[in-house]
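Okay, so here's the structure we're looking at.
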Amino acid sequence: MPMPYARLIPLLLALAAPLAALADTFEQQLANGLRIIVKEDHRAPTVAHMVWYRAGSMDETNGRTGVAHVLEHMMFKGTPSAGPGEFSRRVAAAGGRDNAFTSRDYTAYFQQVPKQQLSEMMQLEADRMRHLTLDPREFAHEIKVVMEERRWRTEDRPQSLLFEQLTAVAFQTHPYRVPIIGWMNDLENLAPADARTWYDDWYAPNNAYLVVVGDVEHQEVFQLAEKHYGPLDARQLPVRKPQDEPPQLGIRRLTVRAPAELPMVMMAYKAPVIRNVDQDVDPYALEMLAAVLAGHDAARFSRHLIRQQRLAVEATASYDSTARGPGIFYLYGSPSEGRTAAELEAGLRAEIADVQENGVAADELVRAKAQLIAGQIYKLDSMFAQAMEIGQLEAVGIPYTLNRRLLEKLQAVTAEQVQAVARKYFRDPQLTVADLDPQPLPPASGERAPSALRH
């Protein structure tokens, strides 16, 4: 007989304690400003090594959008001591894997390797932190790769295109309005000097932190970090100025016409994110609201809009409570055949209105908590996921040491708080709506993908 969800939540939270015991965390800062965070986890003889830079697409300027992501690609194109592609070849030869990713808030690089190879990974990563070649011929080639990536991942995908246009309208001044990959016109006009300026501005030890999780001894990691990263000089960083989004004064609507099989509607409500882990309440309630609406197969959207009303073939909610910039709570989906985007929008609104008027039942809140908290806890069983958890929290200004407190705050959310945030933030003056008007699909020719994508 399945365990009742009310009894499952304390059990899930209890599981976090053994994980913490298996993975003690230690920290040290080098003289050049680089923070080293080490989480010991001795369950397997491997290690995840991640370097995080506090610079993402939100730090770009007009005319140079996409440069953070282009520079991420160029970081694999060689230094005077390691030629193009040699970084990844050496990681593979060590029996590991590596990659990188750019977000609006940060850029990060990782390797997961046998623990004996950690020193070599630090040597390689420290080398490219300061000595990147940025050869013009490699840059010209990689720009074409990124442009093709943009075509494949955004311009040829109606849902991605709709999301990009929605975001560009929902934010009018904040740099979150710009796609991480950049606008095509900017990519066409980026020069090696733009990447060099970005690299010189942000790729410094005092704008980075190192996260190491795995079968290591923290003092040995600190010694290796001092050896490889310690000689790098700190540098003066650009001054970051406030970039607050002004209040929205009314509902915004847009229509995107693109080849697609089905219509789609996306709704974006302005919402807060966590700024003070202990004092904030609303972001945790919004996380729980997203889980109540679409956090599992029996959640409201699936149960009501898809199965009972047959109004949608897809309906979901999305909200991230952590970010350097402002937050948005998304509702989106595709209507069933014979139904319209307007009908689906009305259906999504009706689900929110029901929460506003009637609240949520105790049992569905308990189930949503169990699903949400389980997802947070079980992902920590992976060394890479643990490193990601630490790095992402630090990137948005939340100390990684408060991770357990975040779970406790989620557990403490009440039905009244969920109803309160539904009433407070789901109002038309804070809403942007984007509709996808599907156009005829081109003749099928097989899905094309860039030949050299790293992601």
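The values are calculated or read from the model by the stated rules, or taken from the named source; none is laboratory data. Note that the structure is a prediction, hence the values are computed from the model and not measured. Here the Cβ positions follow ideal geometry from the backbone for every residue, glycine too, while neighbour counts run over all protein chains shown.
Being under 29 Å from Ala225 (Cβ atoms), within 22 Å of the chain's Cα centre (by Cα), assigned by TED's automatic domain parsing to the domain that holds Val211 and not basic (Lys, Arg) is the requirement here; does Gln117 meet it?
It is false that Gln117 is under 29 Å from Ala225 (Cβ atoms), within 22 Å of the chain's Cα centre (by Cα), assigned by TED's automatic domain parsing to the domain that holds Val211 and not basic (Lys, Arg).
Could you tell me whether the stretch 297-313 includes any residue that is touching a residue at least 60 places away in the same chain (Cβ under 8 Å) and not in a loop (DSSP other than H, G, I, E, B)?
yes
For the stretch 18-37: of the residues being more than 19 Å from Pro205 (Cβ to Cβ) and assigned to a loop (DSSP other than H, G, I, E, B), which is modelled with the highest pLDDT?
Asp24
Which of the residues spanning the stretch 41-84 are among the small types (Gly, Ala, Ser) and under 18 Å from the mean Cα position of the chain (by Cα)?
Scanning the stretch 41-84 gives Ala55, Gly56, Ser57, Gly66, Ala68.
Are there any pairs, at least 6 apart or on different chains, whose C-beta atoms fall under 7 Å, with the first in the stretch 231-248 and under 19 Å from Tyr53 (Cα atoms) and in contact (Cβ under 8 Å) with a residue 40 or more places away in the chain and the second assigned to a loop (DSSP other than H, G, I, E, B) and among the aliphatic types (A, V, I, L, M), and if so, which?
Note: pairs meeting the criteria are Ala234/Ala204.
Within the group Gln116, Gln112, which residue is part of a helix (DSSP H, G or I) and modelled with pLDDT of 95 or more?
None of the other options fit; the residue is Gln116.
Name the one entry in Asp105, Asp200, Asp98, Asp127 that is in a helix (DSSP H, G or I) and under 25 Å from the mean Cα position of the chain (by Cα). Before you say what the answer is, go through the steps one by one.
Numbers: Asp105 fails: in a helix (DSSP H, G or I); Asp98 fails: in a helix (DSSP H, G or I); Asp127 fails: under 25 Å from the mean Cα position of the chain (by Cα).
Exactly one of Asp105, Asp200, Asp98, Asp127 is in a helix (DSSP H, G or I) and under 25 Å from the mean Cα position of the chain (by Cα), namely Asp200.
Report yes if Ala108 is of a type in the set (Gly, Ala, Ser) and over 18 Å from Gly214 (Cβ atoms), otherwise no.
It is false that Ala108 is of a type in the set (Gly, Ala, Ser) and over 18 Å from Gly214 (Cβ atoms).
What are the residues in the stretch 419-440 that are touching a Pro at 6+ places or on another chain (Cβ under 7 Å) and assigned to a loop (DSSP other than H, G, I, E, B), if any?
Residue satisfying the conditions is Pro440 alone.
Give me the residue from the stretch 315-336 that is in contact (Cβ under 8 Å) with a residue 40 or more places away in the chain and under 20 Å from Pro263 (Cβ atoms) and, out of that set, surrounded by the fewest Cβ atoms within 10 Å (Cβ to Cβ).
Tyr330
Please pick out the residue among Glu261, Glu220 that is at pLDDT below 95 and either in contact with a helix residue (DSSP H, G or I) (Cβ under 9 Å, 6 or more places away or on another chain) or among the small types (Gly, Ala, Ser) (or both).
Glu261
Of Thr173, Thr167, Thr79, which residue is within 30 Å of Ala268 (Cβ to Cβ) and buried (at least 17 other Cβ atoms within 10 Å of the Cβ)?
Only one candidate qualifies: Thr167.
Do we find a residue being under 30 Å from Glu226 (Cβ atoms) and surrounded by fewer than 20 Cβ atoms within 10 Å (Cβ to Cβ) anywhere in the stretch 137-149?
No, the stretch 137-149 contains no residue that is under 30 Å from Glu226 (Cβ atoms) and surrounded by fewer than 20 Cβ atoms within 10 Å (Cβ to Cβ).
Pick from the stretch 194-223 the residues that are hydrophobic (A, V, I, L, M, F, W, C) and out of contact with any strand residue (DSSP E or B) (no Cβ under 9 Å at 6 or more places or on another chain): which of them is surrounded by the most Cβ atoms within 10 Å (Cβ to Cβ)?
Here is the first cut: in the stretch 194-223, the residues hydrophobic (A, V, I, L, M, F, W, C) are 195, 198, 202, 204, 208, 210-213, 216, 221-222.
After this cut, where a residue has to be out of contact with any strand residue (DSSP E or B) (no Cβ under 9 Å at 6 or more places or on another chain) as well, the list is 195, 198.
Working: Ala195: 24, Trp198: 22.
Per the criteria, the residue is Ala195.
Does at least one position in the stretch 238-246 carry a residue that is exposed (fewer than 15 other Cβ atoms within 10 Å of the Cβ), among the charged types (D, E, K, R), outside the structural domain of Ala323 (by TED's automatic domain parsing) and farther than 30 Å from Ala387 by Cβ?
Within the stretch 238-246, one or more residues are exposed (fewer than 15 other Cβ atoms within 10 Å of the Cβ), among the charged types (D, E, K, R), outside the structural domain of Ala323 (by TED's automatic domain parsing) and farther than 30 Å from Ala387 by Cβ.
Would you pick out the residues in the stretch 324-340 that are at negative phi and part of a loop (DSSP other than H, G, I, E, B)?
The answer is Arg324, Gly325, Pro326, Ser336, Glu337, Arg339, Thr340.
Looking at Ile143, Ile180 in this structure, which one is closer than 30 Å to Leu232 by Cβ and under 22 Å from the mean Cα position of the chain (by Cα)?
Selected residue: Ile180, the only one of Ile143, Ile180 that is closer than 30 Å to Leu232 by Cβ and under 22 Å from the mean Cα position of the chain (by Cα).
Quick check on the stretch 275-298: of everything there that is out of contact with any Lys or Arg (no Cβ under 9 Å at 6 or more places or on another chain) and hydrophobic (A, V, I, L, M, F, W, C), which residue is surrounded by the fewest Cβ atoms within 10 Å (Cβ to Cβ)?
Ala290
Please go through the stretch 155-185 and pick out each residue that is outside any loop (DSSP other than H, G, I, E, B) and aliphatic (A, V, I, L, M). If you could, list the steps in order and put the result at the bottom.
Just the residues of the stretch 155-185 that are outside any loop (DSSP other than H, G, I, E, B), to begin with: 155, 158-170, 175-177, 184-185.
Matches in the stretch 155-185: Leu161, Leu162, Leu166, Ala168, Val169, Ala170, Met184.
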